[in-house]
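In what follows, a single structure is set out as structure tokens and then discussed.
The values are calculated or read from the model by the stated rules, or taken from the named source; none is laboratory data. None of the values given here were measured: they were computed from a predicted structure. Cβ placement follows ideal geometry from the backbone for every residue including glycine, while neighbour counts extend to all protein chains displayed.
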Amino acid sequence: MATCKIYGYIRDGSWNPIEGAVISVAPSLQPEVLQGTGTALYLPPIKVETSSLGYFEVDLVQNGLFFIYIPSIGFDCFFRAFKHANNKDSRL
């Protein structure tokens with residue numbers, strides 16, 4: 001099963017890193033049906049915390065539709081996990 005990585009930095013309004021921010025990533029539906037494959041999977045939610053630099057990364061199943069929530073900054077959105085044409089991972 002193909003995977004990809006989302007990654008990024010969480011910073012405050014003065015561009016200082018936010019250490020220990022919790023990033024929650026969950027499939028938008030259960031089971032998750034991977035776009036273009038018809039494959040259905042049960043994927044558990046994932047929680048990670050940012051490093052002292054505010055950095056985080058999460059490995060996800062490619063082509064899945066996910067919901068990301070970062071309560072410390074009031075951010076949430078849906079996104080599709082994919083590799084770019086140049087085979088690079090997705091940056092948030």
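The table below gives the values:
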quantity: Which numbered condition Ile10 misses (of (1) closer than 16 Å to Asp76 by Cα; (2) modelled with pLDDT under 80); calculated: (2)
quantity: Flag if Gln62 is in contact with a Lys or Arg (Cβ under 7 Å, 6 or more places away or on another chain) and modelled with pLDDT under 80; calculated: yes
quantity: Qualifying residue in the stretch 26-39 (condition: surrounded by 13 or more Cβ atoms within 10 Å (Cβ to Cβ), in contact with an Asp or Glu (Cβ under 7 Å, 6 or more places away or on another chain) and in contact (Cβ under 8 Å) with a residue 40 or more places away in the chain); calculated: no
quantity: Answer residue from the stretch 32-55, given it is at pLDDT 95 or above and hydrophobic (A, V, I, L, M, F, W, C) and is nearest to Pro17 (Cα to Cα) among those; calculated: Leu53
